[in-house]
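The structure appears right after this line, and notes come after that.
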Amino acid sequence: MINLASRDVLHGWGKFLFTGIGLGLLIGATLTMAGVFRGMVDDGQVLIDNSGADLWVVQQGTLGPYAEPSSIRDDVWRGIVGIQGVAETGNAAYLTIQMQQAGKDTRVMIVGIEVDRPNRPGAPPYLTSGRPILQGHYEAIADEKAGLRLGERVRIRRHDYTVVGLTRRMVSSSGDPMIFVSLKDAQEIQFLKDNDALVNERARTATNPAFNRPGVPGLLEAAQASATQARNVNAVLVRLAPGTDADVVAGDIRRWNRLTAYTKAQMEDILVAKLIATSAKQIGMFLAILAVVTAAIVAFIIYTMTLAKVREIAVLKLIGAKNRTIAAMILQQAMALGVIGFLVGRMAAGLWGPAFPKYVLLLPQDAIGGFAIVLTICALASSVAIRAALAIDPAEAIGG
Amino acid sequence: MDTPAIKLTGLKKRYGTGDAAVDALKGVDMTIWPGEVVGLVGPSGSGKSTLLKCLGAVIEPTAGHMELAGEVIYDGVWKISDLRALRRDRIGFVFQAPYLIPFLDVTDNVALLPMLAGRDNAAARKRALDLLTALDVRHRAGAQVSQLSGGEQQRVAIARSLANHAPVILADEPTAPLDSERALAVVRILNDMAQQYNTAIIVVTHDEKIIPTFKRIYHIRDGKTHEEAGEGRPI
Amino acid sequence: MKAPAKRTAILSILGALFIAGFGWIVATQGPLAPVAVTLAQAKEARLERRLFGIATVEARRSHAIGPTQAGRVARVLVDQGDTVKAGQLLAEMEPVDLDARFAAGAAAAAGAAQRVTSAEAALAEANSRALLAKNSADRYADLRKKNFVSQEAADAKAHEAAAALAARQAASAALAAAKDDVRRAQSEAAGAGQNRANLRLVSPVNGIVTARLAEPGSTVVAGQAVVQVIDPTSLWLRVRIDQGRSNGLAAGLPTEVILRSRPDEKLPGRVERVDWVGDAVTEERIANVVLDSVPDGLSIGELAEVTLYLPAVDKALAIPAAALQRHGGRSGVWQPENGRASFKPITVGASSADGLVEIRRGLAAGDAVIVHSSRLLADNARIRPVESLK
């Protein structure tokens, strides 16, 4: 027995292929949407993994440092490093700023890390070019998405920084590329104000009689100096010795250091479950609608294709083709359309995915799941057409 | 000529019920022998189409008796459970328009029937090529249907109707779209084939050009048939 | 049969291309693709080591010149930027009653001197009275021996002589007291004069006025500076270097200084002194760097970037610092092994300014390591060496 479906497809292959490509682009959009969602989750995951920390110690009662502002003194690590099970600590500062670059504003997340030894907590775990920060100041490692080149000098607030290394997939939870600088530089960026603010602040302090008292020389200067010397960080990243129970150490820190400590699992919960929950639902809704639209379009296409063949189907029935043969023909065509659509869609998503400003992650299991869903949708959609085909009266072939 | 290819006795067909009932066939008697080409002639609304559909086992008659190559297939009810197989294996169809399957090539259009009947592809194709040769369209065997002329298409359609060695072929206005020369050519072919394959062919027509060629004609009027001898003019 | 065969062939080629393209995308774009990496070899290299610090320009000696007691500023003679000489009068305080007190002292001294003169006169008179009385007493004593006069007369004369002597002693004491008065009055006057001189604020060094901190009429307390003077030849840089990177910091290291005001100019200098006391709050060490020649227009408080050159390690087995990564809680490098990555823990030493790090243990010369990667490497990850990423 020859395969009627393939013959039909081959006979009108141009039309069929274009229909498949059109459907594929729609499926590609759906897959990309799933990829955007996966990318968001992965961004959060990578943010956690790449920091290389086992515990995050932040200001008491905050969800910091990624989801909420947190500010702690930069010497609290001394109290933490002595806790049993703590192998290494690293101060980290995170702040999002607008960076002027090539005449346009780019949002970037400045990450301050300790650079006295290689691979301190918070440092990017791998580079795609260049080298790590080796001098204590004014060197930066940038994510490729920031659009900076190796050796470029970039101005951040009051200083010029040299880009010495590039990394990849290091973005904040909102997708802003990260720029790593030394902690001291980051503190300066974070807490030192711009010149106008400084001047205004000084004038404000000077008019305050409490700080500018006659007969107490030097008080004003002392007050002004102390105002610009804030030595805070956003979090202390803690690495634990192998075999240490993170929850125990976190409990110790919460109880004795009066700070909030998050384990990796809790941090994932904050970043993945809480921070992007709304966006995830948003995308989920969109995904559901896209799936429904895809199903409707597939059903419509298959139905139209079937209706265009009423005469042939009637003849087939008249000359004795079984219902099964006709149903199989329609089902196979729907499946073929689904396969072409899926392949085109996966290819399209793979091609345009990297062009997205935020990370688009196309997981193989998503692709496989998507493939199964596409085929199911096609099968369901073809059932409508099959019902219509089976309802065709073979007598129609006999004129009058 | 001992067994008629088709034998109808008192075949009736009523559409609808009660007051709205319409009797399309009011008792048709018809006997057609193998190798015979018989004309079925009648005006529109005479019950011509209903009779054809009953013969084609597409609609069920209301009453009567129907025999196909000696086997009773209808006697008040269908005696055959698989009408589809019946149509496939024992009745050939030729239509007004050829109604070939456009996405199959010429050979496969013909070979489709044996394939549907469960023959393997090679045997089916061989049968198809034999028929195409007999019908003088062998040279178009690999062509697409759309590349064929109307006459060629009609020949392929005839080949298809013969593919499963059907004892009866129903031809529904096979010459309607053709000019008289081609129409006569088709009738000639039908006659040749009836002879060659010992098949009964019922040609439903009101084409004045070809009516004189039949040796026997059934006129149908108000749901009844009247047998007449035709001119039997040689083609 | 020819046309369909040709069409079938074209379609199968198209299909094959399509599948191939799909496969290519899956293999190169997705997570199944091998990780692109760049490789380097461990090899002997010269490690130029440097330290880097942020510095501010400071004066080594800065003189805050002010009065020793509270008072009002009378005059300020210099302004910011003026060059001054040692001993030059810079400002003067309001003397208030010091001049009057000086005049009173002088007057008291003159009065005392007059009292000395009259005491001297009184003493002379007492002297002559005593002499006269003694002569008279001596004569009466002789006459008594000859019994020309009565005993009473002689005793009376002797008593007179003793009284005159006592009167002379009293006059002499009065003179000494008057002289003391003179001295006291004179030193009082001198003290007032010295206080007066203290109100004159003079420069102790040759230098430049860096700040004029009070204006005439304003009141300053003892010790508050009116004028600040620095010695411009004593300008140096106070460099802060992260404790964690300060190993090797020592006096005498050559340095290169880039001033904020002239970012394209590298000024040579050297470490003059390293502070014993670091900054515990900022976790920095502090060193002072002098420039070989102080450029014109150097301003105090200006920021500078200072690079300190440590002695280079001449021959060290080194790899690019970017190759150093952490895996499973240990520091080490990823090595290519039959197209896959495997992790090797190593111990490293010094790192150089150009991005090399010294191998202490774990690698031999010629061992290949993965420097850059397009993704985070994992054990047994498939790798694809490339010249450079992107």
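Okay, here's what the table says:
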{"quantity": "Flag for C:VAL271 being touching a Phe, Trp or Tyr at 6+ places or on another chain (Cβ under 6 Å), closer than 27 Å to A:ASP160 by Cα and surrounded by 14 or more Cβ atoms within 10 Å (Cβ to Cβ)", "calculated": "no"}
{"quantity": "Yes/no for A:VAL238 being more than 14 Å from chain C (Cβ to nearest Cβ), under 36 Å from the mean Cα position of the chain (by Cα) and either open to solvent by less than 60 Å² (accessible area, probe 1.4 Å) or farther than 30 Å from A:GLY82 by Cα (or both)", "calculated": "no"}
{"quantity": "Spans of strands (runs of 3 or more DSSP E) in region C:179-267 with at least 3 residues polar (S, T, N, Q) and open to solvent by 20 Å² or more (accessible area, probe 1.4 Å)", "calculated": "none"}
{"quantity": "Residue list for region A:97-118, restricted to those being open to solvent by less than 60 Å² (accessible area, probe 1.4 Å) and within 18 Å of the chain's Cα centre (by Cα)", "calculated": "A:THR106, A:VAL108, A:MET109, A:ILE110, A:VAL111"}
{"quantity": "Filter result for A:ALA87 (crowded, with 23+ Cβ neighbours inside 10 Å and touching a strand residue (DSSP E or B) at 6+ places or on another chain (Cβ under 6 Å))", "calculated": "no"}
{"quantity": "Some residue of region A:15-27 being within 14 Å of chain C (Cβ to nearest Cβ), crowded, with 21+ Cβ neighbours inside 10 Å and in contact with a Ser or Thr (Cβ under 9 Å, 6 or more places away or on another chain)", "calculated": "yes"}
{"quantity": "Selection count where residues are open to solvent by 20 Å² or more (accessible area, probe 1.4 Å) and of a type in the set (A, V, I, L, M, F, W, C), scope region B:1-57", "calculated": "5"}
{"quantity": "Enumeration of residues in region C:90-111 that are in a helix (DSSP H, G or I) and crowded, with 19+ Cβ neighbours inside 10 Å", "calculated": "C:LEU98, C:PHE102, C:GLY105, C:ALA109"}
{"quantity": "Residues located in region B:59-85, provided they are small (Gly, Ala, Ser) and either within 16 Å of B:ILE6 (Cβ to Cβ) or open to solvent by 30 Å² or more (accessible area, probe 1.4 Å) (or both)", "calculated": "B:ALA63, B:GLY64, B:ALA69, B:GLY70, B:GLY76, B:SER81"}
{"quantity": "Test: residue in region C:330-344 that is facing chain A (nearest Cβ under 8 Å), of a type in the set (S, T, N, Q) and open to solvent by less than 30 Å² (accessible area, probe 1.4 Å)", "calculated": "no"}
{"quantity": "Of the criteria (1) part of a loop (DSSP other than H, G, I, E, B); (2) open to solvent by 20 Å² or more (accessible area, probe 1.4 Å); (3) under 30 Å from B:LEU116 (Cα atoms), which one A:GLY82 fails", "calculated": "(3)"}
{"quantity": "Test: residue in region A:321-329 that is assigned to a helix (DSSP H, G or I), open to solvent by less than 30 Å² (accessible area, probe 1.4 Å) and among the charged types (D, E, K, R)", "calculated": "no"}
{"quantity": "Region B:192-218 residues that are on the phi < 0 side of the Ramachandran plot and in contact (Cβ under 8 Å) with a residue 24 or more places away in the chain, paired with ones that are in a helix (DSSP H, G or I) and among the small types (Gly, Ala, Ser) (beta carbon under 6 Å, 6 or more apart)", "calculated": "B:ILE201/B:ALA194; B:LYS209/B:SER180; B:LYS209/B:ALA183; B:ILE210/B:ALA183"}
{"quantity": "Region C:16-69: number of residues that are touching a residue at least 60 places away in the same chain (Cβ under 8 Å) and facing chain A (nearest Cβ under 9 Å)", "calculated": "7"}
{"quantity": "Qualifying positions in region B:111-141 - crowded, with 18+ Cβ neighbours inside 10 Å, part of a helix (DSSP H, G or I) and within 11 Å of chain A (Cβ to nearest Cβ)", "calculated": "B:ALA111, B:LEU112, B:LEU113, B:PRO114, B:MET115, B:LEU116, B:ALA124, B:ARG125"}
{"quantity": "Residue within region C:346-354 that is within 14 Å of chain A (Cβ to nearest Cβ), in contact (Cβ under 8 Å) with a residue 12 or more places away in the chain and farther than 19 Å from C:LYS315 by Cα present", "calculated": "no"}
{"quantity": "Test: residue in region C:355-370 that is β-branched (Val, Ile, Thr) and within 25 Å of C:LEU51 (Cβ to Cβ)", "calculated": "yes"}
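Residue by residue, here is whether (1) within 14 Å of chain C (Cβ to nearest Cβ); (2) closer than 30 Å to A:THR106 by Cα; (3) surrounded by 15 or more Cβ atoms within 10 Å (Cβ to Cβ); (4) modelled with pLDDT under 85 holds:
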{"residue": "A:ALA334", "(1), (2), (3), (4)": "no, no, yes, no"}
{"residue": "A:VAL344", "(1), (2), (3), (4)": "yes, no, yes, no"}
{"residue": "A:PHE356", "(1), (2), (3), (4)": "yes, yes, no, no"}
{"residue": "A:TYR359", "(1), (2), (3), (4)": "yes, yes, yes, yes"}
{"residue": "A:GLY369", "(1), (2), (3), (4)": "no, no, no, no"}
{"residue": "A:CYS378", "(1), (2), (3), (4)": "no, no, yes, no"}
{"residue": "A:ALA381", "(1), (2), (3), (4)": "no, no, yes, yes"}
{"residue": "A:ARG387", "(1), (2), (3), (4)": "no, no, no, no"}
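The values are calculated or read from the model by the stated rules, or taken from the named source; none is laboratory data. In this text, all values refer to a predicted model and were calculated from it rather than measured experimentally. FYI the Cβ positions are ideal-geometry reconstructions off the backbone, even for glycines, and counts take in every protein chain you see. These accessible areas exclude ligands, DNA and RNA; they are computed on the full protein's heavy atoms, side chains included. Shrake-Rupley method; radii C 1.70, N 1.55, O 1.52, S 1.80 Å.
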